[in-house]
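The values are calculated or read from the model by the stated rules, or taken from the named source; none is laboratory data. Just so you know, these numbers come straight off a predicted model, no measurement behind them. Ideal geometry is used to build each Cβ from the backbone, glycine not excepted, and the neighbour counts take in all protein chains shown. Accessible surface areas use protein heavy atoms only, side chains included; no ligands, DNA or RNA. Shrake-Rupley method; radii C 1.70, N 1.55, O 1.52, S 1.80 Å.
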Amino acid sequence: MLPSAATKTFVMIDAPQPTAFASRLTRRAAGLVFSAVFGCALAMGTPPGPARADDRVNAILERLDARERRIFLDWHAAQKKHQAELSAYWKKVEATRSERRKKIRAGKPVTEQDYIMSFPPEYSGPKLPEHIARIWNELKPPVERKPVPSVADVLESAKTVYGFEPERIPEKEFKRRYALEALAQGLTKEQVVRVYALETGGRGTYDMQAGVNPKTGKGRPISTALGYAQLLHANSVNELVKHGETFISRLEKTAEIPGIAPARAAALQKKARALRRMLASAKSVPNDWNAHMKFAATRNGLGIHALNLDGDIGPMLQVIKLKGIREVAERAGRKNLTPAELELMNLAGPSTGLEMMTPVGRKAPTPNFFSRLGYERNPVVHNCTAAELLARIDEIMDANVNKPGAVEFAAAFDEAMSFQASQR
């Protein structure tokens, strides 16, 4: 993951479906296992209101002498001024984006004048001395964080709600099936392996969760993002609604292949029945991203996320998500996406990603394409244009593609391509 991204509170603008790249940008950039996106996976508490902020100021002033109070108040005033400047900047970005979107929808040409061609103002005021900063931090009110559901929570919900227990298979076999599925859906080895290298830091497992080291199991979930493509729980719901009948049909047809072992056929039929229950549940809510996000946070929605961990369904589910991005690009006249372009669309949302790849969009600073929260929480997108972000994505892929997991995945593709050739 880009930590492989920075926080999955990466809020996309066009975002019907955020990516986990957002949850991982920061740590990935440091070469660790990252786990966004886009969206929203960190459960953040509510910041203190004005009254609590004033109480905090009064409390620190009581602990400082006269000289320290002047230093603190000067710093505090400079901070407030800076925040006002930031608010004005982002208000202008949002207003400009709104007008630009209207032009795009109307089919009108977009120029540099439709973008804010500067970056957020940087703080240039006085710094707070270390000992005062320590007191200020000590007085920070606690922030209540809602725990992010873990893999164990996903499995428990799937079993309790749907009677579904994913079939766990060896990592190497999961990669092989994933490779076969990707090739069958028209994705290339380079596209999939490099996206994997970025999304998992080049060493992720199929049951990897954002924020948790896939090898040691240490860490805490910072997002519901799972697997090689790091799908969020709402992504799983969304893809099931769109492709559930196809998944069910394939399981049932496989179960009817002549000569299949009875136990294997029975297992496939059982999975198909569980999928039907999941599909009916997912279709009980409106078919839009916001509704899917709310539903995914319930036990019924969370249980659907377990499909990513099943040896028969997981590869289909994750590959079909990437294929959908490629199809959006093809409809827009962009064929043969590079891996970085595919990931950019996965990160920023398909429509926004396409806009970032236009000649004028490539020149525009990245704040034009992300919410303030998403931008501020993802250092990889700071102070760069869309073209520079695309280059950064490529650099991270280059750094991670030689990690053990990516090498094993590439070998799985070679095996899958040899198998395909032998069947012709």
- Task: Would you kindly find the accessible area of Lys159, with a 1.4 Å probe and non-protein molecules such as ligands, DNA and RNA excluded, rounding to the nearest 10 Å²?
- Result: 120 Å²
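Please list Thr246, Thr366, Thr358 in order of solvent-accessible area, largest first, computed with a 1.4 Å probe with all protein chains present. Could you put the intermediate results ahead of the total?
Details: Thr246 80, Thr366 0, Thr358 50 Å².
Of Thr246, Thr366, Thr358, the descending order of accessible area is Thr246, Thr358, Thr366.
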- Glu138-Glu62 pseudo-label distance in nm [points 7 Å out on the Cα-to-Cβ vector]: 1.4 nm
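Need one number: the % of Cα-Cα pairs in the stretch 196-317 sitting beyond the 27 Å mark.
Values: 1794 of 7381 pairs.
Counting every Cα pair in the stretch 196-317, those more than 27 Å apart make up 24 percent.
Can you check what the Kirkwood hydrodynamic radius comes to for the stretch 51-128, Cα pairs only, in Å to one decimal?
Values: mean 1/r = 0.0642 Å⁻¹.
Answer for the stretch 51-128: a Kirkwood hydrodynamic radius of 15.6 Å.
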- Would you grab the residues whose amide H sits under 5 Å from the one on Ile169? Only those 5+ places off in sequence or on another chain, please, with H modelled 1.01 Å from N. Gly311
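Please work out the Cα convex hull volume for the stretch 165-255 and give it in Å³ per residue. Intermediate results must be reported in sequence, preceding the final value.
Numbers: hull volume 11.0 nm³, N = 91.
Enclosed volume per residue, from the Cα hull, is 120 Å³.
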- Label of the coordinate-derived value, log10 I(q)/I(0) by the Debye sum over Cα atoms at q = 0.08, 0.09, 0.13, 0.14 Å⁻¹, listed as (i) -0.62, -0.79, -1.49, -1.55; (ii) -0.51, -0.64, -1.24, -1.37; (iii) -0.48, -0.60, -1.12, -1.26: (iii)
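How fast does the stretch 272-384 diffuse by Stokes-Einstein, in µm²/s, taking the Kirkwood radius from C-alpha pairs at 20 °C and 1.002 mPa s? The partial results should precede the final answer.
Numbers: Rh = 16.4 Å.
It comes out at roughly 131 µm²/s.
Find the accessible area per residue for the stretch 134-186; the probe is 1.4 Å, ligands and nucleic acids are left out, and the unit is Å².
Details: 3040 Å² over 53 residues.
It amounts to 57 Å² per residue over the stretch 134-186.
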- Here D for the stretch 261-304, in µm²/s, from Stokes-Einstein with a Kirkwood Rh over Cα pairs at 4 °C and 1.567 mPa s, works out to 113 µm²/s
- At 4 °C and 1.567 mPa s, grab the translational diffusion coefficient of the stretch 267-334 from Stokes-Einstein with a Kirkwood Rh over Cα pairs, rounded to a whole number in µm² per second. 96 µm²/s
- antiparallel share of DSSP beta bridges within the chain, to nearest 5, in %, is 75 percent
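Could you sort Asp65, Asp74 by their accessible area in this structure, using a 1.4 Å probe and putting the largest first? Mind showing how you got there, number by number?
On the way: Asp65 75, Asp74 100 Å².
Per-residue accessible area, sorted high to low, gives Asp74, Asp65.
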- What is the local net charge at Ala274, summed over the other residues whose Cβ is closer than 11 Å to its Cβ (Lys, Arg +1; Asp, Glu -1)? +4
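If you take the square roots of the eigenvalues of the alpha-carbon gyration tensor of the stretch 110-198 and sort them as a ≥ b ≥ c, do you get rounded (a/c under 1.5), prolate (a/b over b/c) or oblate? Write out the running numbers ahead of the final one.
Values: a/c = 2.94, a/b = 1.48, b/c = 1.98.
Note, shape of the stretch 110-198 comes out oblate.
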- Skip the ligands, DNA and RNA, and give the accessible area per residue of the stretch 300-342 with a 1.4 Å probe, whole Å². 29 Å²
- Message: Given a 1.4 angstrom probe, what's the average accessible area per residue across the stretch 205-293, in square angstrom?
- Response: 44 Å²
- Query: With Cβ to Cβ distances under 11 Å as the rule, what net charge do the other residues near Glu138 carry (K, R +1; D, E -1)?
  - Reply: +4
- Query: Using the Karplus equation 6.51 cos²θ - 1.76 cosθ + 1.60 (θ = phi - 60°), what ³J(HN,Hα) coupling, rounded to whole Hz, does each residue of the stretch 235-241 give in order, writing x for Gly and Pro?
  - Reply: 4, 4, 4, 4, 5, 5, 4
- Most to least accessible of Asp398, Asp310 (protein chains only, probe 1.4 Å): Asp398, Asp310
- Read phi for every residue in the stretch 159-175 and hand back ³J(HN,Hα) as whole Hz from Karplus 6.51 cos²θ - 1.76 cosθ + 1.60, θ = phi - 60°, with x for Gly and Pro. 5, 5, 7, 10, x, 10, 10, x, 7, 8, 10, x, 4, 4, 5, 4, 4
- Query: How large, in percent, is the carbon and sulfur part of the accessible surface of the chain at a probe radius of 1.4 Å?
  - Reply: 54 percent
